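What follows draws every value from the coordinates through simple rules; no lab data is involved. Keep in mind that this is a model prediction, so the values were computed, not measured. Glycine also receives a Cβ, built like all others from the backbone with ideal geometry; neighbour counts cover every protein chain displayed.
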Amino acid sequence: MNLNKVFVLGNLTRNPEVRSLPSGQQIATFCVATNRFYTDNLGEKKQETEFHNIVCFGKLADISSRYLTKGSLVLIEGRIRTRNWLNSQGIKQYRTEIIAEAMQLGPKEIGSKSINEQPPQEITLADDTIPVIEESYPPPPQEIENQEEEKTTHKNEDEIDVKDIPF
């Protein structure tokens with residue numbers, strides 16, 4: 001069994017570039033930067049940045065061109081593909097890309113406030129919804145209390161409470 005699956009959560013380094021194939025299908029390409037923080041052997045904190053080339057086709061290309069801009073937070077789910085070709089000097093060139101299969105948009109900045117501080121704005125595309133990565137995780141304590149109350153009010157007698165288990 002084989003598996004080629006990638007998840008990348010990062011920020012766009014440039015606005016998506018959109019073009020069309022001769023068949024009319026749209027293609028959007030952009031780059032996502034991811035950071036890795038670690039401590040080296042000497043105890044110094046270090047940061048590494050990786051840049052990932054992303055390719056979106058069809059509806060994902062349309063969504064990315066309409067809603068993503070430089071600096072946007074995005075989660076891409078896809079697969080890795082490496083292309084090769086001969087350049088004008090006859091040297092073989094390689095490019096590794098992530099072909100996007102799913103995408104979640106991060107919070108969008110409106111002025112100086114994020115969209116999570118504004119009243120909810122629904123974005124619809126022909127019966128599809130665009131999932132948004134929530135910036136405020138974990139939820140505020142008030143929200144957790146409300147969820148706890150809902151759980152206790154909707155409890156069945158057949159359910160086992162974790163507090164009743166003796167170990």
- Message: Between residue 17 and residue 93, what is the label-point separation in nm under the 7 Å Cα-to-beta-carbon projection?
- Response: 1.0
- Query: Taking only the alpha-carbon atoms of region 3-62, what semi-axes of the equivalent ellipsoid follow from 5 times the gyration tensor eigenvalues under a square root, in whole Å, largest first?
  - Reply: 34, 12, 7
- Note on the structure: The answer for GluC sites (Glu not before Pro) in region 1-49 that fall in a DSSP coil and have at most 10 neighbouring Cβ atoms within 10 Å is 44
- Message: Could you compute the net charge surrounding residue 47? Neighbours are other residues with a C-beta less than 14 Å from the C-beta of residue 47; K and R count +1, D and E count -1.
- Response: -1
